[in-house]
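Asks: Just passing along the structure, written as structure tokens.
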Amino acid sequence: MSGMQEQFEIKFRLPDGTDIGPKQYPAASTVATLKENIIAQWPKDKENGPRTVNDIKLINAGKILENNRTLSECKSPICDFSGMTTMHVVVRAPTQDKQSDKRAAKKTKDFRCGCAIM
């Protein structure tokens, strides 16, 4: 008869030391849902913010959390989500587009050194 779903209070620590949250999340929330929430709440004044869920890694109790897992599946004896939990956010550095990668690779091929030892 438990009509109340378990809730976890989580805040997210950004790479510069600032926080997003805390906010309550249901135990059935997936890690991908948390990441979407982080993207939506990302401070607009910060450079190099994440664009997609795959640009973010969430770390809790030394473990990188997988996108398809729920919060209840992420619980462990080390991390039981009692009280407020702080998760660390790691953002992947923005990558160049594939066209500029190809141009950069081609440029390095164009400038070859030909040395001869006599």
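Asks: Enter the accessible area of residue 59 (Å², nearest 10), with the probe set to 1.4 Å and all protein chains included.
Replies: Roughly 50 Å² of residue 59 is accessible to a 1.4 Å probe.
Asks: Expected output is a single nm value to one decimal: the length gained when fully extending between residue 59 and residue 27, i.e. 0.36 nm times separation in residues minus the C-alpha distance. What is it?
Replies: 9.8 nm
Asks: Could you compute the net charge surrounding residue 58? Neighbours are other residues with a C-beta less than 15 Å from the C-beta of residue 58; K and R count +1, D and E count -1.
Replies: Here the charged neighbours net out to +4.
Asks: With a sphere of radius 11 Å drawn around the Cβ of residue 27, what net charge do the other residues whose Cβ falls strictly inside it have (Lys, Arg +1; Asp, Glu -1)?
Replies: -1
The values are calculated or read from the model by the stated rules, or taken from the named source; none is laboratory data. Source: prediction; values computed, not measured. So basically every Cβ, Gly included, is an ideal-geometry build from the backbone, and we count neighbours across all protein chains shown. Calculation scope for accessible area: heavy atoms of the full protein, side chains included, ligands and nucleic acids excluded. Shrake-Rupley method; radii C 1.70, N 1.55, O 1.52, S 1.80 Å.
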